[in-house]
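The values are calculated or read from the model by the stated rules, or taken from the named source; none is laboratory data. This structure is a prediction, so every number in the text was calculated from the model and none was measured. Note that we place each Cβ from the backbone using ideal geometry, even for glycine, and neighbour counts take in every protein chain shown. Only protein heavy atoms, including side chains, enter the accessible area calculation; ligands, DNA and RNA are left aside. Shrake-Rupley method; radii C 1.70, N 1.55, O 1.52, S 1.80 Å.
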Amino acid sequence: MTFWGTGDAMGVPRVYCECEVCQEARSGGVNRRFRSAVFIDGEEGGFLIDCGPDWQAGMEREGLRFVEQILITHAHFDHIGGLPEWADACRWLGQRGQLYAPQEVLDIIVRQYPWLPGQLDFHAVDEGVTLADWKIQAWKVFHGKNGYSYAYRLEKEDYIWAYCSDAIGLPAEQKIPLEGLDLLILGTSFYKEYAEFSTRSVYDVTEALELLQEVKPKETIFTHMSHDIDLNRDYGLPANARFAKTGQRIFLK
C-alpha cells in the first residue's frame, strides 16, 4: 500500500496560511500533504481508495498512466474531486474505469457528475466486493457535522486491515468491524481539537488513542491530517502507532 495522500480536505500547505507547518510543507518538507488516498497493489492487481482533486499529481508521482479500479469512501469533494479527470483519461485511452462504492454514494456521484457513466462502470459494494484478491466489507460510520462516510474492512488469507479516514465519535456498533485488526488506517485531523464537538467531523489524535484502547489493532497509522500536526515533532505515540507520510509504502502481510 502506498499513501498517495495523507491530508485533510484542505491539504497542507493551506493556501491562506503561513504557520510553521505550512511553510515547511511549501519548501518540500515532510509535512507536504495531498488529499487522503491510498493505492493497493500486488500480484493480483491494484486499486485506489478515494480519488480526490490531487489524483493527477498522484498518478504522475507514481509514473502511472491508467488505473482501472477505484473504491470510494464517500462523496465529499476531497474524496471524489478527481473522478472527472480519471473519466477523461479513460476516454482518451479507450478503456473503461471501474468505480466501486456503496449505492447511496454512487447515487450522489451520478447527481454531481452525470456524465461519468459514459466512461465508468459503477458497482455497488453494499453486500461486499473482492478487489485484487482482497475481500472487502463496507460499513457506514459517523462523520460528525459532515454526516456520514464509509469505512472498509479488508481481508486476505490471515491478514485483516481497515481503512477509516473520515469518522468521529463512533457508536459501539460501528466499532465492531475495527476489532481483530492487524492494521488500522484512521483519520486524525488534529492532535487536540478544541472546537465544539457539534462542529467537528474527524477524530483528533487524543480521541483516537482512546479508541485504540478499545479495539486494540496490532498496528495503527494516522492519516487525513491538517496543518495542526507537525511530523517533525515527537508526540510520544505508543510504539504500535504512527503518522502516515506522503509516498510511504508498507507491506500488507
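Output yes when any residue across the range 138-147 is open to solvent by 30 Å² or more (accessible area, probe 1.4 Å), in contact with a helix residue (DSSP H, G or I) (Cβ under 9 Å, 6 or more places away or on another chain) and more than 14 Å from PRO177 (Cβ to Cβ), and no when none is. Yes, there is a match, as at least one residue in the range 138-147 is open to solvent by 30 Å² or more (accessible area, probe 1.4 Å), in contact with a helix residue (DSSP H, G or I) (Cβ under 9 Å, 6 or more places away or on another chain) and more than 14 Å from PRO177 (Cβ to Cβ).
The requirement of being touching a residue at least 40 places away in the same chain (Cβ under 8 Å), farther than 22 Å from LEU252 by Cβ and surrounded by 20 or more Cβ atoms within 10 Å (Cβ to Cβ) is satisfied by HIS74. Give the residues of the range 27-43 that are in contact with a strand residue (DSSP E or B) (Cβ under 8 Å, 6 or more places away or on another chain), not basic (Lys, Arg) and not in a strand (DSSP E or B), sorted by residue number. Within the range 27-43, ASN31, PHE34, SER36 qualify. Among the residues making up the range 210-227, those that are farther than 11 Å from ARG33 by Cβ and open to solvent by less than 60 Å² (accessible area, probe 1.4 Å) are LEU211, LEU212, VAL215, PRO217, GLU219, THR220, ILE221, PHE222.
Within the range 186-203, none of the residues are acidic (Asp, Glu) and touching a residue at least 60 places away in the same chain (Cβ under 8 Å). For the range 163-183, residues that are more than 17 Å from GLY144 (Cα to Cα) and either in a helix (DSSP H, G or I) or touching a helix residue (DSSP H, G or I) at 6+ places or on another chain (Cβ under 6 Å) (or both) total 4.
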